[in-house]
Amino acid sequence: MRVLVVSAHPSAESFLASVRGDLLAALVADGHEVEHRDLWREGFDPVFSEWERIHHVGDPAEKLARFPDLAPHVEALRRCEALVLVHPTWWSGQPAILKGWFDRVLMNGVAWDLPDGANRLRPLLGNVRRLAVVTTHGSGKFVNALEGEGGKRTVFRSVRLMFPLRCRSRWIAMYGLDTADAAARDRFRRRAVSRLRRHLR
């Protein structure tokens, strides 16, 4: 399977970065064709510009000509069969750099279109058959449930709509990272790898 891993963490020394390394190694070992886009290492610009807003439903070719740095991300998204997002959950959602990736890369003509007279977006990324999120939360599951898990809703109620109905989704999260000991972290590391492997079979 062609797997696109998009990661968003500023520190290469973080716990999540080490988990990401385990995930990438496991996917390669399983024979998947893996492409990794590390948004911080690439210096991805998350700012959705005034021009992009004005031309929100414009020709994607014109947008990519104006912002050529987006082209590799669009191409990777169009050719993948699975999208895996690896990020910390901050303030109940994705880091700004990943939210900006949603804003700028999931553009009209690439991820969706709105036919004349329609009141609902039509998904265009029919190639994506699997969606997975691997994330960490500093606070516990109960606190996150009270807050409504906004980041989970963003992915499964919005981003997920860009893919076909048959696309299967998986949320793989560690709660309570701030107080977790080494044993708990190791358990999550193994669980994340195992669950992602099963999801991409």
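So here's what we get for this one:
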read-out: Condition check for THR154: touching a Pro at 6+ places or on another chain (Cβ under 6 Å) and within 14 Å of TRP171 (Cα to Cα); value: no
read-out: Hey, VAL134 farther than 30 Å from ASP59 by Cα, modelled with pLDDT under 95 and of a type in the set (A, V, I, L, M, F, W, C) or not; value: no
read-out: Spans of helices (runs of 4 or more DSSP H) in segment 139-201 with at least 1 residues over 14 Å from the mean Cα position of the chain (by Cα) and surrounded by fewer than 13 Cβ atoms within 10 Å (Cβ to Cβ); value: 141-147, 182-199
read-out: Candidates ALA17, ALA82 - the one that is closer than 18 Å to VAL128 by Cβ and small (Gly, Ala, Ser); value: ALA82
read-out: Evaluation of GLY93 against (1) modelled with pLDDT of 95 or more; (2) within 17 Å of the chain's Cα centre (by Cα) (one fails), failing number; value: (1)
read-out: Those strands (runs of 3 or more DSSP E) lying entirely in segment 1-113 with at least 2 residues in contact (Cβ under 8 Å) with a residue 24 or more places away in the chain and either in contact with a Ser or Thr (Cβ under 8 Å, 6 or more places away or on another chain) or surrounded by fewer than 21 Cβ atoms within 10 Å (Cβ to Cβ) (or both); value: 33-38, 82-89
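Yes/no per residue for (1) free of Cβ contacts under 8 Å to residues at least 24 places away in the same chain; (2) out of contact with any Lys or Arg (no Cβ under 6 Å at 6 or more places or on another chain):
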| site | (1), (2) |
| --- | --- |
| ASP116 | yes, yes |
| SER139 | no, yes |
| LEU161 | no, yes |
| ARG168 | no, no |
| ASP186 | yes, yes |
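The values are calculated or read from the model by the stated rules, or taken from the named source; none is laboratory data. What you see is a predicted model, and the numbers here were worked out from it, not measured in a lab. So basically every Cβ, Gly included, is an ideal-geometry build from the backbone, and we count neighbours across all protein chains shown.
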